[in-house]
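The values are calculated or read from the model by the stated rules, or taken from the named source; none is laboratory data. Quick caveat, the model's predicted, so the values are computed rather than measured. Backbone-built Cβ (ideal geometry, glycine too); neighbour counts: all protein chains shown. Note: areas computed on protein heavy atoms with side chains; ligands, DNA, RNA excluded. Shrake-Rupley method; radii C 1.70, N 1.55, O 1.52, S 1.80 Å.
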Amino acid sequence: MVSKLADFFIGEALQGKGDELAHIDLMIGDKDGPVGNAFANGLTQLSQGHTPLLALIKPNLSPHPRTLIVPKVTIDNLEAAGKIFGPAQMAVAKAVADAAAEGDIPKAKLYDYVVIVSVFIHPHAKDESKIFYYNYGATRLALKRALSNYPPMEKLIKEKDRARHPVMKFKPQFLWNPPYVQVALDVGSLNAAVKIVEQLPKSDRMIIEIGTPYIKSYGIQDTVGKMREIKPGAYLIADMKTMDVGRAEVNAAADATANAVVVSGIAPEATIREFIRECNKRGVHAWIDSLNTNQAELIAMLENLKEKPKVVILHRGIDQEDSQKEGGAKKEGTSASRSVWGDIKKIKKITGGYVAVAGGLKPGKPLAEAIKAGADIIIVGRYIYRSSDPHRAAMRFLDELEIEADTMRLFDKLDY
């Protein structure tokens, strides 16, 4: 005979603003399951400053299911206690009672379930009406979410890279909605690079590369750290062009808060494998730079990798570009030629990631051709950092890209 697993649901909600903001973490489930055990432990194993209490609409009137409130913030005086033993206590109890009365909680489970609600009350909160209404609304929403297994995976995937946390002072940028313009900072002093970045337009389509010369001259901590000061949420690429000891260089970049690290495509395959593995362990993106690679060999190597890179750069280097302008051979089939752009879609299918292109790109026809070929990231260096007006130069690229995804978004949809 197989015993039925006890119900165990988790919900969360944040509502309100200011010091009275309410944040609810909630568990609901069977009395004879993990939630019931936690409920009993909460009532019998007290912690100084975080004394659990039963939710009450008023003294002698507790809702079904029985509900335990656990304060998140240490209560160290009677004034703080009054905010919990009062507006918050009633708000949570009323929310549970209304959820039961209106069918949010299954009628057959009203006497089998218990609820545990963690309540946040800021020490500076003053307005009892806001404390009540914010916590009431947040508890209702958390219950609905718990019992509907919110969020659905479709929403989570859609929102995880575009969301803004209301308590954070910046919005971290992620790669999720190409195309992007990548500003490659390759020459000059660190102060000059800072001045360029400060002039760049604010856009979710703009990402920043700390070029190899900067990293060699000033070190990974100073270069990434300085950019992080002025652009705390920016997507920063540390172009290490790693050739060996991939683990060490990835760790150094990750410790400096880089979002991505670049390995050279001509590095030994063992180094590239270790590099990608370490990137995945540290939560940073692995980029492979194709500079001076043979395209057929690059694709074969990508197919052979068990863990794939996030981005592959099809890269015509500055020296290669200058050589071709002076009549040098284009070297078809290598990164020095734009003929390799025909493989962009194939590379994306192999890796499941993105492809960046670099090498003398300008607004107009060159940019349009790169986008048409399937490029996700347009890497631009001298056109922007040598411009007398970096802001205007960058805008010339941005103006030719699709409108940012959230430009027409009035507000986040508040659903279950």
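Structure data summary
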read-out: Selection from the range 184-193 of residues that are open to solvent by 10 Å² or more (accessible area, probe 1.4 Å) and at negative phi; value: ASP186, VAL187, SER189, LEU190, ASN191, ALA192
read-out: Candidate set from the range 205-253 (those that are β-branched (Val, Ile, Thr) and surrounded by fewer than 18 Cβ atoms within 10 Å (Cβ to Cβ)); member that is nearest to ILE313 (Cα to Cα); value: THR212
read-out: Complete set of residues in the range 184-205 that are modelled with pLDDT of 90 or more, of a type in the set (Gly, Ala, Ser) and assigned to a loop (DSSP other than H, G, I, E, B); value: SER203
read-out: Evaluation of SER129 against (1) farther than 14 Å from LEU21 by Cα; (2) without any contact (Cβ under 8 Å) to a residue 60 or more places away in the chain; (3) exposed (fewer than 13 other Cβ atoms within 10 Å of the Cβ) (one fails), failing number; value: (1)
read-out: Every residue from the range 378-394 that is open to solvent by 60 Å² or more (accessible area, probe 1.4 Å), at pLDDT 95 or above and closer than 24 Å to ASP239 by Cα; value: HIS391
read-out: Of all residues in the range 350-372 being out of contact with any helix residue (DSSP H, G or I) (no Cβ under 8 Å at 6 or more places or on another chain) and outside any helix (DSSP H, G or I), the one that is surrounded by the most Cβ atoms within 10 Å (Cβ to Cβ); value: ALA356
read-out: Residue among VAL167, VAL181 that alone is among the β-branched types (Val, Ile, Thr), more than 30 Å from GLU102 (Cβ to Cβ), out of contact with any Pro (no Cβ under 9 Å at 6 or more places or on another chain) and assigned to a strand (DSSP E or B); value: VAL181
read-out: Helices (runs of 4 or more DSSP H) (entirely within the range 206-282) containing at least 2 residues that are closer than 22 Å to LEU305 by Cα; value: 246-255, 269-282
read-out: Residue that is nearest to LYS281 (Cα to Cα), among those in the range 219-248 that are in contact with a helix residue (DSSP H, G or I) (Cβ under 6 Å, 6 or more places away or on another chain) and of a type in the set (S, T, N, Q); value: THR242
read-out: Close pairs from the range 65-81: first touching a residue at least 12 places away in the same chain (Cβ under 8 Å), partner buried (at least 22 other Cβ atoms within 10 Å of the Cβ) and of a type in the set (Lys, Arg), Cβ under 9 Å, at least 6 apart; value: ILE75/LYS83
read-out: Hey, ALA375 open to solvent by less than 10 Å² (accessible area, probe 1.4 Å), under 28 Å from the mean Cα position of the chain (by Cα) and among the aliphatic types (A, V, I, L, M) or not; value: yes
read-out: Close pairs from the range 382-397: first farther than 19 Å from PRO213 by Cβ, partner among the β-branched types (Val, Ile, Thr) and buried (at least 17 other Cβ atoms within 10 Å of the Cβ), Cβ under 7 Å, at least 6 apart; value: ALA393/ILE384; ALA394/VAL181; ALA394/VAL183; ALA394/ILE384; PHE397/VAL181; PHE397/ILE378; PHE397/VAL380
read-out: The one condition in (1) within 30 Å of LEU61 (Cβ to Cβ); (2) among the hydrophobic types (A, V, I, L, M, F, W, C); (3) surrounded by 22 or more Cβ atoms within 10 Å (Cβ to Cβ); (4) modelled with pLDDT of 95 or more that VAL181 fails to fulfil; value: (1)
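A quick yes/no check of all residues on (1) more than 30 Å from LEU110 (Cα to Cα); (2) of a type outside the set (Phe, Trp, Tyr); (3) without any contact (Cβ under 8 Å) to a residue 60 or more places away in the chain:
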position: LEU143; (1), (2), (3): no, yes, no
position: PHE174; (1), (2), (3): yes, no, no
position: PRO178; (1), (2), (3): yes, yes, no
position: ARG205; (1), (2), (3): yes, yes, no
position: ILE210; (1), (2), (3): yes, yes, yes
position: GLY219; (1), (2), (3): yes, yes, yes
